[in-house]
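This report refers to the structure that appears directly beneath it.
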Amino acid sequence: IKSCLVLSVILSLISCKSQQQNYDDFKGRIITIGRGGGITGAYDEYFILENGQLFHYNTLTKQKVNSGKKENNITNQIFHNYELLKIGEKQVNLPGNMNYFVQINDSGKTVRSLWSDMDSADSQLVLFYKFAMNYIQKPLK
């Protein structure tokens, strides 16, 4: 019985691990949002993979960290909102001292918007950014 228990624990760990997606091997859409700049020029970038995997990259540490997997219904809502709000059509490049950005990688095509002033940026772009950041910063269940 003890060996069966150990075997079942190992199998469950392997099956959980196999659900994790390696960022570099992912073939679906990826939404990246982030912020940074200032004196250090450092950026925090968050990668939301279409399958719910979440990665964080800091340009100072140069480390990409797998932050786990988020709920599919919320991930689907993020991608739906991107389409619904036509974020890809709102390409802007208005850098300043501190910047915010939203980017999507889809089938080899990258669309990016960057801005520095939340008050004068497109309201739907800001709404999407804030919703996505809220989603990212919620703890995993």
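The values are calculated or read from the model by the stated rules, or taken from the named source; none is laboratory data. Quantities reported herein were computed from a predicted structural model and do not represent experimental measurements. A quick note on method: Cβ atoms are made from the backbone with ideal geometry, for glycine too, and the neighbour counts reach across all protein chains shown. Quick note on the areas: whole protein, heavy atoms, side chains included, nothing else; ligands and nucleic acids left out. Shrake-Rupley method; radii C 1.70, N 1.55, O 1.52, S 1.80 Å.
Measuring with a 1.4 Å probe in the full set of protein chains, what accessible area per residue, in whole Å², belongs to the stretch 69-141?
62
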Reachable aspartates and glutamates from residue 90, criterion Cα separation under 14 angstrom, eight or more residues apart if same chain: 122
Local net charge near residue 137, Cβ-Cβ under 13 Å (Lys/Arg +1, Asp/Glu -1): +3
Whole-Å semi-axes of the stretch 62-141's equivalent ellipsoid (Cα gyration tensor): 22, 15, 14
Rel. contact order, % - alpha carbon contacts under 8 angstrom, at least six apart, the stretch 21-82: 24
Candidate aspartates and glutamates for bridging to residue 27, where Cα separation is under 16 Å - those fewer than 8 sequence places away on the same chain excluded: 50, 106
DSSP bridge orientation in the stretch 75-141 - percent antiparallel, rounded to nearest 5: 80
